């Protein structure tokens, strides 16, 4: 058992270290880029992605405490209140990311399918309010961590581990809460993302003014985002469903949780390609649209709603 625990600790430590080494500088650069962008002419996705970057950085700031836990062979020898705070930040940022990814997919879909409505929703107040609501939702759901660890009737006597071993009273609260988290903070955002990106891909292929190369790049970006959601978010949340059915936390829960940590490394890559792909396509769409609308022989309707819908990426999604 001790050898198994040692191997598990080494694997966890390695994943945490690699995540921290890659994720921290990448997200710091992303934070700087979005900060500059927001001070010029921000669009809704800029504000949402800035919040996603802040969420990832908050996760990475507390990651050294989890690394210390792994070095100590998963024993928690730090002050007990740090365990609660670290666990709260650790899990709430994961769900904040999933909700923000959902919000980004919705904004992109609106920009592609309903560009007129999108331009009417360009006020920064809308994504700011959405971001605040998302932070509150994830924080409220993860506040169960404080209740189960500090409530006199629920707190366990074993303080050598951090948020791993639970009493029957704690499980009675945690397992239904985790099931609700699985549905509200994982399944719903995933279904929304799938719908928005599949519809976006379908609409994209119907746009004659966008080149096939740019279509493929944008579609690859959408599929890449969905892949990150499926790989980094879904497996850990499935453990909630399995735990509720079995009446206890699955033993493999810690390993799929490691997949969620990689999300902080992959998000900046998505940010970069998302910005470059959509921005480049935007320039091509605007250029082609300007040429078409300046030809006298073209029907005047070409510059009405139909062509306006072809300005798919003029919103800098």
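Go over the candidates 259, 266 one by one and state the one that is in contact (Cβ under 8 Å) with a residue 24 or more places away in the chain, surrounded by fewer than 18 Cβ atoms within 10 Å (Cβ to Cβ) and under 20 Å from residue 16 (Cβ atoms). Break it down into steps so the answer makes sense when it comes.
Details: 266 fails: surrounded by fewer than 18 Cβ atoms within 10 Å (Cβ to Cβ).
Testing whether each residue is in contact (Cβ under 8 Å) with a residue 24 or more places away in the chain, surrounded by fewer than 18 Cβ atoms within 10 Å (Cβ to Cβ) and under 20 Å from residue 16 (Cβ atoms) leaves just 259.
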Wholly within segment 138-255, helices (runs of 4 or more DSSP H) carrying at least 2 residues that are under 24 Å from residue 66 (Cβ atoms): 144-150, 168-182, 234-246
Filter result for residue 67 (over 24 Å from residue 176 (Cα atoms) and either in a loop (DSSP other than H, G, I, E, B) or within 20 Å of the chain's Cα centre (by Cα) (or both)): no
Hits in segment 136-145 - residues which are closer than 14 Å to residue 100 by Cβ, surrounded by fewer than 20 Cβ atoms within 10 Å (Cβ to Cβ) and touching a helix residue (DSSP H, G or I) at 6+ places or on another chain (Cβ under 6 Å): 139
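Here, each number is a calculation from the coordinates, and none is a lab measurement. Bear in mind that the values here come from a model prediction, so they are computed numbers and not experimental data. No Cβ is skipped: glycine too gets one built from the backbone with ideal geometry, and neighbour counts run over all protein chains shown.
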